[in-house]
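The values are calculated or read from the model by the stated rules, or taken from the named source; none is laboratory data. Note that this is a predicted model, so its numbers are computed, not measured. Cβ placement follows ideal geometry from the backbone for every residue including glycine, while neighbour counts extend to all protein chains displayed. Surface accessibility is based on the protein's heavy atoms, side chains included, excluding ligands, DNA and RNA. Shrake-Rupley method; radii C 1.70, N 1.55, O 1.52, S 1.80 Å.
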Amino acid sequence: MQRILITGANGQIGSELLPELRRRHGAEQVLAAFHKKTPDQALLDSGPHCFIDVRDADKLAQIVQEYRIDTIFHLAALLSALAEEHPQLAWDININGLCNVLETARRLHCAVFFPSSIGAFGPQTPPVNTPQDTIQRPTTIYGVSKVSGELLCDYYQHRYRVDTRGVRFPGLISYRTPPGGGTTDYAVEIFHAALTEGHYQCFLRPDTKLDMMYMPDALQAMIRLMQADARQLLHRNAFNITAMSFTPEQIAAEIQKHLPDFSITYRVDPLRQAIADSWPRHMDDSCARQEWGWQPDFDLPGMVEDMLDKLARQLQQEQSHGPDQD
Ligand code: SER
């Protein structure tokens, strides 16, 4: 991992992976690929960048060649709820984009990180202690694209020896960039609402339990997996990883320990509730722990404390300087 490309570099994960990799490897070694939306000035100024639509195979290959990229973190994708509103577009971006990345990686000898998701599971999957290798019959286009992505990555690995690696992320919680269009987004929105309104109206039922993870753990997972000794990896792609499982009711109670006046009500969105009900409640991530030493640092109380502290500071800064320009 010497010359790195991040697609989706101003998305929820990319906007945090980018500074972390630049800190570790040097800014010039990490090329940020943005799509149309103009990223904030700090990201633009922090090192080399380009604009790519991942569906444009020629441009992707040209950039990988020009910058002599050897590792691609392919993070550009539509999330579950948005994908359900635009299934054809979701397939186009999530699958054709990935095919372009894998083909480029095959021809130009790059390693690839691909994020799969709890969304790769479905209603027939065992929901508790969901095994690494189990039934996957997702009922969303997002899930279909993630299962297909997992299989494509495995295929390029065994057919062409492309060094593909990946994890199944749970809902990711972070303060820097909101996720946008996901089913687990409530677990981010709730913090913004708690600090600005003192109240949150949740779109999932109070007892909807899902796997979750704080962003610092997601970053260390990606980097640790990409650095792992390939000989230790029995699986390559789609490792189950989780850090905590909670319901809206439980996270609200944890926030109330810090903000006693915070309140929550529920107005269920049937689309996102149906998606959440089809996903596991707690994945078994023992393969990741055994094969490459996965170990999260943040549980629910630790995440809530850190998130409230960091987000409050960020909101304060935005108030005094104005938000970053889009
Ligand atoms: N966080 C994603 C979503 O809700 C799941 O991977 O779509």
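Below are the figures for this structure:
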quantity	calculated
Computed P(r) (all Cα pairs; region 23-144; 10 Å bins; percent)	12, 36, 32, 17, 3
Region 1-130, relative contact order in percent, only Cα pairs under 8 angstrom and at least six apart counted	26
Placed amide H near Ile69: partners under 5 Å, 5+ positions off or other chain	none
Relative contact order of the chain, defined on C-alpha pairs under 8 angstrom at six or more residues apart (%)	19
Solvent-accessible surface (1.4 angstrom probe) belonging to Arg159, in square angstrom, nearest 10	130
Distance cut-off 12 Å, percentage of C-alpha pairs in region 29-82 lying past it	70
Radius ratio Rg over Rh of region 195-295, counting only Cα atoms, Kirkwood formula for Rh	1.08
Cα-based helix-to-principal-axis angle, 141-160 vs the chain, degrees rounded to 10	30
Two-decimal log10 I(q)/I(0) for the chain, as the Debye equation yields it once each C-alpha is a single scatterer, q = 0.15 Å⁻¹	-1.30
Among the listed pairs Lys37/Lys59; Lys37/Lys310; Lys37/Lys146; Lys209/Lys310; Lys36/Lys209, those beyond 27 Å (Cα-Cα)	Lys36/Lys209
Angle in degrees between helix 248-258 and the longest Cα principal axis of the chain, rounded to the nearest 10	70
Region 221-234 - phi-based ³J(HN,Hα) in whole Hz, Karplus 6.51/-1.76/1.60, Gly and Pro as x	5, 4, 5, 4, 5, 5, 8, 5, 5, 4, 5, 8, 8, 7
From phi via Karplus (6.51, -1.76, 1.60), per-residue ³J(HN,Hα) for region 107-122 in Hz, x at Gly/Pro	6, 10, 6, 10, 7, 10, 9, 10, x, 8, 7, 4, x, 6, 9, x
log₁₀ of I(q)/I(0) at q = 0.12, 0.15, 0.25 Å⁻¹ - region 238-324, Debye sum with one point per alpha carbon	-0.59, -0.86, -1.17
Estimated distance in nm for a label pair at Arg23 and Asn129, the labels positioned 7 Å out from Cα along Cα-to-Cβ	3.7
Surface share of carbon and sulfur [accessible, 1.4 angstrom probe, percent] for region 128-251	48
Region 132-209-region 83-130 distance, computed between alpha-carbon centres (Å)	11
Exposure ranking of Asp285, Asp133, Asp261 by accessible area [1.4 Å probe, largest first]	Asp261, Asp133, Asp285
